[in-house]
1. Between the stretch 126-169 and the stretch 1-48, how many Å separate their Cα centres?
2. Return the Cα extents of the stretch 147-269 along principal axes one, two and three, sorted largest first, each rounded to a whole Å.
3. Can you give me the relative contact order of the chain as a percent, contacts being Cα pairs under 8 Å and 6 or more apart?
4. Quick one: dipole size for the stretch 120-171, taken about the Cα centre, charges +1 on Lys/Arg Cβ and -1 on Asp/Glu Cβ, in debye to the nearest 20.
5. Using the Cβ atoms and a cut-off under 15 Å, what net charge is assigned to the surroundings of N104, where Lys and Arg are +1 and Asp and Glu are -1?
6. Could I get the Rg over Rh figure for the stretch 198-410? Both from C-alpha atoms, Rh via Kirkwood, rounded to two places.
7. So if the hydrodynamic radius of the stretch 200-262 is defined as the Kirkwood radius over C-alpha pairs, what does Stokes-Einstein give as its diffusion coefficient at 10 °C and 1.306 mPa s, in µm² per second?
8. Apply the membrane-span-like helix rule to the chain: whole DSSP H runs, Cα extent along the own long axis of at least 15 Å, mean Kyte-Doolittle hydropathy at least -1.0. List the helices found.
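Just so it is clear, none of the values below were taken in a lab; they were calculated from the coordinates. For clarity, every value in this text was computed on a predicted model and none was experimentally measured. Methodologically, a virtual Cβ is constructed for each residue, glycine included, from the backbone with ideal geometry; neighbour enumeration extends over all protein chains shown.
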Amino acid sequence: MHPSNRIVGTKSHRLLGKKILLGVTGSVAAFMSPQIARELMRHGAHVVSVMSKESQRLIGPDLMWWATANKPITEITGDIEHIRFAGVMNRPVDAFLIAPCTTNTLNKIAAGIADTPVTLIAATLIGKGIPVIISYVGHEDLVNNVATQKSIKQLEEIGVKIIHPIRVEGKAKIPSPEELTAHIFKAFTPQALREIPVIITGGPTREPIDNVRFVTNAASGRTAISMAEEAYLYGATPKLILGPTLLKPPSYAETYNVVTTQEMTETTLELIRKNPRSLIILSAAMADFRPKATKEGKTKSTASFKVELEPTEKLVDQIKEIAPESILVIFKAEWDVDRDTLIRRAVDRMKKADADYVVANDLSKPGAGFGTETNHVLVINRAGRIRELKGLKRTVAQHLFEQIISDLGKQRFKHQV
């Protein structure tokens, strides 16, 4: 076994059994192609790289060979690679991701020009109906060129997935390997939430004591970001209301950054009023208390002082009043309780909020607290079904969405979207 194959499936098996071609063209962003290949492999994919001549001036074929454990395609030979991967003689590839794709290559593919291994294979796979996904990059002026924009539109019209770049410093840059991998996931995921708005709250909130100090908790926002990532795979454009966090939300999420509980409440309710028939996931650890009075300036640290706290308003109890036809998922955290007590309290909270699901966990359990990459939860729905989920927060989010979408198909909700 090639040593690089040891990483296959170390993150998930979502791409297990999938053969992905990775096109590499002559952009300086080609330095990221080995990272992209290996991220795909960590989710189970078999990756073969296809390199244009210009890309080989920037990174060597041996680097992509090492990264993927497969010799890259650098020219079309008597092996007729473009036909072979379309499945005439072998099982076809599952998708072709071109990352990075220069504007030159993008325009050629749109015009039907097939003069490099990348453009020829792309043209063949488009003709076969195999998913082609293009992550284009370049200087902003090149991207803004009318011809480039026309090519993007033409490609989208024929079913090519275009991943738009991140625009910074006057350049259109390639998204992270994790985001690109998400687009591959999406190509193999049923778009069950395409018509359903998804609103997600996440992270902590902060309640100021003075202009320097505040009351908060250790929530990281990782659960909410994982939920947004999963919602996107099922066709949604998630609206993410996010409290202060060091984590970066995905660029495809419509993110609203807030600080206080009041800001999170107001922003969430405003979005719900605009989208009353939504899937709403309240995973934020909003502050339960705030200082009754906020001091101006910085309280001197030379003497003790008292802070009187008062309860904050409960967002969870306001949702069904303004959006009775929404699907509401709430979270219930407890500390050091037995399973029966956790279930009883979670069900009581679900009934009080008129929620459709409650996700309950015991924060005292190892790997189930704030700031962790993992979680250990019980998911309870209206029908009383209890499902235990344990593992990475992204995996927990994946299984939660699978259950919601399954229930949507079985029409188990009191109020249907």
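1. Centre-to-centre distance over Cα atoms comes out at 22 Å.
2. Taking the Cα atoms of the stretch 147-269, the three principal extents are 56, 36, 24 Å.
3. Relative contact order comes out at 10 percent.
4. Dipole size: approximately 160 debye.
5. Net charge in that neighbourhood comes out at +1.
6. On the way: Rg = 17.4 Å, Rh = 17.8 Å.
Over the Cα atoms of the stretch 198-410, Rg/Rh equals 0.98.
7. Value of D from the Cα-based Kirkwood radius: 131 µm²/s.
8. Values: long enough: 117-128 (16 Å, 1.43); 146-157 (17 Å, -0.75); 177-187 (16 Å, -0.15); 222-233 (17 Å, 0.11); 261-274 (20 Å, -0.80); 339-353 (21 Å, -1.03); 393-410 (26 Å, -0.33).
Correct list, ordered by number: 117-128, 146-157, 177-187, 222-233, 261-274, 393-410.
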